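What follows is calculated from the coordinates using simple rules that are stated; it is not laboratory data. Not measured: the values here are computed from a predicted model. Every residue, glycine as well, gets a Cβ built from its backbone with ideal geometry; the counts of neighbours run over all protein chains shown.
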Amino acid sequence: MPRSSQCRLRHLVALRRERSRGGNWGRPGSRGRHQVVLGCRVIGVRPNPTGGLNVMRREAVPIVIAVVGVALAGCGSSSSTPTATTATAVGQAPDDANVVGAVAAIPVGRCHARQVNITDVQAWEPDPACTPGATDGGLPLAQLCPVAHTKQIRPPASYTDALKRTQMRAYGDTGSPAHFEEDHLIPLELGGAPRDPQNLWPEPHPSPNEKDTVESAAHDAVCSGTIALPDAQHRIASDWYQLGKDLHVIP
């Protein structure tokens with residue numbers, strides 16, 4: 001997606017969110033008191049006091065502007081490695097309707113899933129430009145081992161079902177939603193973002209599936225100290241299938 005289009009989409013989400021809160025930002029003649037650079041240009045949004053670092057150690061974005069198809073690399077980063085968006089408070093839910101609405105603005109078929117092994121019908125990985133993975137709002141290591149207590153942050157089906165249908169359109173998927181799992185690319189048991197659309201995608205196979213096995217093996221490896229949590233997050237986001245091979249759960 002061209003950089004100018006990515007920036008306009010970010011601007012749209014921020015504007016919609018601000019207006020839904022009753023703010024005047026973005027209206028004719030108004031001037032926001034708080035401004036922050038989102039890698040594209042200066043726009044008026046509210047600052048996030050809980051900003052932090054993501055898995056790839058990028059500068060925090062102050063609000064959840066998680067739009068499928070809008071790669072952070074297109075707005076100020078030269079890295080082609082899939083990256084993750086940044087931290088909001090655990091349990092803090094974004095405006096679901098605004099998020100789904102912003103994803104719906106992505107053109108049909110803009111995203112492209114990749115089958116990394118043509119002999120394996122489950123070997124699908126998301127488009128890294130649309131679904132790079134994210135850890136905002138994810139659980140810390142202390143709450144992941146030995147058992148990951150993810151129930152408290154798992155989003156409701158009303159949100160994930162609506163998001164799955166919208167993301168299927170962005171990915172050009174025309175099958176039944178029942179044939180797809182709305183998958184957390186970085187799973188919750190590895191500290192993945194529960195609601196961020198950059199960490200959710202319509203995986204072309206219902207659960208349980210091969211990726212679920214990789215997620216469990218990666219969680220065990222993290223808790224045993226075999227793999228550091230940030231490394232596991234990066235590897236599963238960039239190539240979960242290869243991680244499964246490295247962990248000997250995929251032949």
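Just checking, does the stretch 134-144 include any residue being touching a residue at least 40 places away in the same chain (Cβ under 8 Å), crowded, with 18+ Cβ neighbours inside 10 Å and on the phi > 0 side of the Ramachandran plot? Yes; the residues of the stretch 134-144 include at least one that is touching a residue at least 40 places away in the same chain (Cβ under 8 Å), crowded, with 18+ Cβ neighbours inside 10 Å and on the phi > 0 side of the Ramachandran plot. Here Ala193 qualifies as within 25 Å of Asp95 (Cβ to Cβ), among the aliphatic types (A, V, I, L, M) and surrounded by 14 or more Cβ atoms within 10 Å (Cβ to Cβ). In this entry, Asp127 is excluded by the filter for residues that are under 30 Å from Cys223 (Cα atoms) and not in a loop (DSSP other than H, G, I, E, B).
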